[in-house]
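Here is the structure we will look at.
Coordinate-derived values only; no laboratory data. Source: prediction; values computed, not measured. Counting neighbours? That spans all protein chains shown, and the Cβs are built from the backbone with ideal geometry, glycine included.
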Amino acid sequence: MSDLAAAEPASFSDAEILARFQRSQNLPTGSQTLGFRLTAVNQAERSVEVAFEAKAELVLNPMKQVQGGYLCAMLDEAMSVACMVASGMTHVAPTAEMKTSFLRPALPGPLKAIGRVVKWGRTIAFTEGELFDGEGRLVAKASGTAVPTPFRNYKK
């Protein structure tokens with residue numbers, strides 16, 4: 001089986017990974033702009049739930065809706081973190097390709113993303129994400145491919 005997540009036992013529990021993210025003082029500026037906050041981790045399902053806070057002064061287009069690029073970034077964050085979780089926190093997974101479908105406008109305020117790893121192969125991870133508004137309506141969906149890279153090989 002070439003699926004790394006199924007082959008390698010997790011060295012951290014879901015609760016430990018969640019706590020690690022929640023107490024981190026080193027949140028990237030892009031994540032800060034999006035209002036990123038990891039709210040749930042499920043290693044068995046290779047998925048995460050992420051809360052975002054779309055701040056009007058930072059992410060709106062001229063129509064007073066969240067600009068699509070920020071929605072893509074939110075989905076990308078959720079799918080990327082799902083990859084980290086699927087690897088047992090041993091890999092990052094830079095996005096190689098991503099397709100996003102926008103289903104309804106998103107307004108400023110809370111948004112929730114679900115990111116999941118559909119398949120983790122030797123060289124490519126296949127991901128999916130869904131983004132919901134504060135009322136639970138689906139705003140956008142994405143699918144992507146990422147390149148799993150061990151932390152020790154990752155260069156800034």
- line: Phi-derived 3J(HN,Hα) across the stretch 26-31 with the Karplus relation (6.51, -1.76, 1.60, θ = phi - 60°), rounded Hz, x for Gly and Pro, is 10, 6, x, 4, x, 5
- prompt: Across the stretch 100-115, in residue order, what do the Karplus-derived ³J(HN,Hα) couplings come to in whole Hz, using 6.51 cos²θ - 1.76 cosθ + 1.60 with θ = phi - 60° and x for Gly and Pro?
  reply: 10, 10, 9, 9, 7, x, 10, 9, x, x, x, 9, 10, 10, 10, x
task: Report the residue, chosen from A40, A86, A78, that carries the largest GNM mean-square fluctuation when the chain is represented by alpha-carbon nodes joined by springs under 10 Å.
output: A40
field: Amide H within-cut-off set for T39, under 5 Å, with H built and near neighbours excluded
entry: E49, V50, A51
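Given Cα pairs under 8 Å that are at least 6 residues apart, what percent is the relative contact order of the stretch 4-153? Show your work: numbers first, answer last.
Values: 331 pairs, mean separation 35.7, N = 150.
Taking the mean separation of contacting Cα pairs over the length of the stretch 4-153, I get 24 percent.
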Stokes-Einstein D in µm²/s, Kirkwood radius over Cα pairs - the chain at 10 °C with 1.306 mPa s viscosity: 101 µm²/s
task: Please determine, in degrees from 0 to 90 and to the nearest 10, the orientation of helix 68-86 with respect to the longest principal axis defined by the Cα atoms of the chain, where the helix direction is its Cα long axis.
output: 20 degrees
- request: Under a cut-off of 16 Å between alpha-carbon atoms, report the aspartates and glutamates in cross-link reach of K99, not counting same-chain residues fewer than 8 places apart.
  value: D76, E77, E128, E130
Degrees between helix 14-23 axis and first principal axis of the chain (Cα, 0 to 90, nearest 10): 50 degrees
field: Most mobile of L27, L131, L107 in a GNM of the chain (Cα contacts under 10 Å)
entry: L27
field: Sorted by Cβ density within 10 Å, fewest first, the residues E128, E97
entry: E97, E128
